[in-house]
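Student: Dropping a structure here in structure tokens format, bear with me for questions.
Just so it is clear, none of the values below were taken in a lab; they were calculated from the coordinates. Note that the coordinates shown come from a computational prediction; the quantities given were computed from them, not determined experimentally. All Cβ positions, even for glycine, are placed from backbone atoms using ideal geometry, and neighbour counts span all protein chains on display.
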Amino acid sequence: MAANKKMTREDVEREMERAQRTDEQSMTIEPGQATPSFTDIHPNLDQAYLRGVDLSGLDLTDASPRYRDLRGAILEGTVLAGADLTHANLTDTMRTEGADLSGVTLYLAHLEGADLIRTRLEPALPDFLKNATYSDDTCWPVGFDPSVYGARRVGRIGG
């Protein structure tokens, strides 16, 4: 599957299953060898076009989806704990109830209009939102102040 190809939830699940089988069958790490990164194991998901894709219920723990286009994606129950979402575009991300974004890195991410109100958002780093942008219509968990973590409010950039 080529990068930037629009993927369905089934495509993502198929790629994750294929990568897991490959991992189990042939990915052995020799002493002193570096541990493979998420993109080493799942190369077709890095920089993937996931705009509007329903990723509900998927476990993408420790994923590294840099430059990922997740505009309008559905993340209901999706686990992205520890993921590196640097540069990710989560504009208008919706239906995030039960999503786990604990320990994520959201440097330079676009969060304009994202609905994060029912999302588990527990920072691991004090500046995990450094230079991330959000708008007046971004919905945060009750009592959460994004500016404390380095995010900045901007006008609506569009989705």
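Student: If you take the square roots of the eigenvalues of the alpha-carbon gyration tensor of the stretch 93-155 and sort them as a ≥ b ≥ c, do you get rounded (a/c under 1.5), prolate (a/b over b/c) or oblate?
Tutor: Verdict is oblate for the stretch 93-155.
Student: Place +1 on the Cβ of every Lys and Arg and -1 on the Cβ of every Asp and Glu in the stretch 54-152, take the dipole about the Cα centre, and give the residue among 70, 132, 80 whose Cα lies farthest towards its positive end.
Tutor: About the Cα centre, the residue reaching furthest to the positive side is 132.
Student: Could you compute the FRET efficiency for residue 76 and residue 131, with r as their C-beta to C-beta distance and R0 at 30 Å, rounded to 0.05?
Tutor: My answer for the efficiency is 0.65.
Student: Placing +1 on the Cβ of each Lys and Arg and -1 on the Cβ of each Asp and Glu in the stretch 54-152, which of 55, 101, 147 has its Cα farthest towards the positive end of the resulting dipole?
Tutor: 147
Student: Give me the net charge for the shell around residue 149: Cβ to Cβ below 12 angstrom, other residues only, Lys and Arg +1, Asp and Glu -1.
Tutor: Its environment carries a net charge of -1.
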